[in-house]
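Take a look at the structure set out below.
What follows is calculated from the coordinates using simple rules that are stated; it is not laboratory data. Since we're looking at a predicted model, the values are computed, not measured. Neighbour counts are summed over all protein chains in view; Cβ atoms, including those assigned to glycine, are modelled from backbone coordinates with ideal geometry.
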Amino acid sequence: MWKSLVIHRKELALQNTLVNGQCFNWKKLAPDHFQGILGDFFVTLKRAADNDTHLHYMTIPDDSDGKFLTLFKRYIQYDTVKVQELYAEWSLRLKHFKEIASHIEGVRCVRQDPWECTISFICSQNNHIKRITAMLEVMRQQYGQYICDVEEPVETDASSKEEEKKEPLKAIRKIYRFPTVDELKKATEAELRGLGFGYRAKFIVQSVKMIEEKGGDKWFESLRGKPLEKVRAELVTLMGVGNKVADCIALFSLDCADSVPVDTHVFQIAQKLGYIKGLKFQASMTDKLYVEIGDAFRKRFGDKAGWAHQILFAGDLDSFKEVIAESKKRSLGEITKEENVSEIKGGAGKANPEEGPKQIQNVKRLKK
DNA sequence: ACACTACCTGG
DNA sequence: CAGGTAGTG
């Protein structure tokens, strides 16, 4: 049974929020048509082309008591964050932010379950979204609780396309929820390797054990509300969790809106644009440098810098790449030149008077 | 503190 | 090479 929730496209664009790399539990069936697994529910989300204000949803099991709606609202931070206000504020404050953001409206950070988020991002290292999504699907099917069957059009390759054009093949996809700590505890390294997790298999097994020893879900909950530095320090103790993954977990599941995950791409952009203090080029990421780049973002965007980061880099997906690549480059360059940005509400980071755009002269290639 | 590398797998 | 990390000099 279909129901609907009032939320404008500009507050939540399914494409820009659900499959931008912050979570891996959603599948795009068509534009504005997605399916995913959220808690105990299998969810279908849809927007009509002629309706900007309503989001339609259907779940299995049916949401007869509104339990899903509560869960979903918390997931998208419906009551707590208005992204249009953030867009407006940064657009006003920072030249060209608007230019970028106008191409990628409705980007939100979702508030995920920290346990699922942690395992997901351990899988994300040195990996791409498509495979991460596939790996986690396998993990759910192997260790999670069964929810339901869903009929889906089967993926066709080019050669067989002709014959299947008339009546597209349907396949049954079995939907399972994400395993609990106890459920995933049963997985062995060999098992996970066999399932295609590669060298991450060991990290998962060890981290699951560590998480359990620390108290599981209760440990994660105890991290909420703590400052980012503290949260990151705790998370980094897990095997397979470094700064970047820790920041992803903090931002996407533990309410650290000021967390700025610095991946290789952000690192390279920051370097070229002189986000980094001093003129000396550094070939590799260090703890110090990592924090420095994050601080540069926090100084410019304030206590929700992680959201700004997410909006700016959500556009790095193929669908947007060409459209905004140029405007983004200019924009980020512009941002470094902005004065007085530390006045932004809740602006964090230390003021640094002598900081300014410094073109790095001899930027050698990062990778060969 | 920083540099460098191995590491699973597949597009 | 891909939205990294642990381990080693």
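Data overview
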| read-out | value |
| --- | --- |
| Segment residue A:217-residue A:80, length gained on full extension (0.36 nm per residue, minus Cα span) | 47.1 nm |
| Pairs of Cα atoms farther than 20 Å apart, the range A:1-157, % | 54 |
| Protection proxy ranking, peptides A:101-112, A:139-150, average beta carbon neighbours within 10 Å, highest first | A:101-112, A:139-150 |
| Mean Cβ neighbour count within 10 Å, used as a protection proxy, ranking A:237-244, A:18-25 highest first | A:18-25, A:237-244 |
| FRET efficiency estimate (nearest 0.05) - Cβ-Cβ, residue A:3 to residue A:50, R0 22 angstrom | 0.70 |
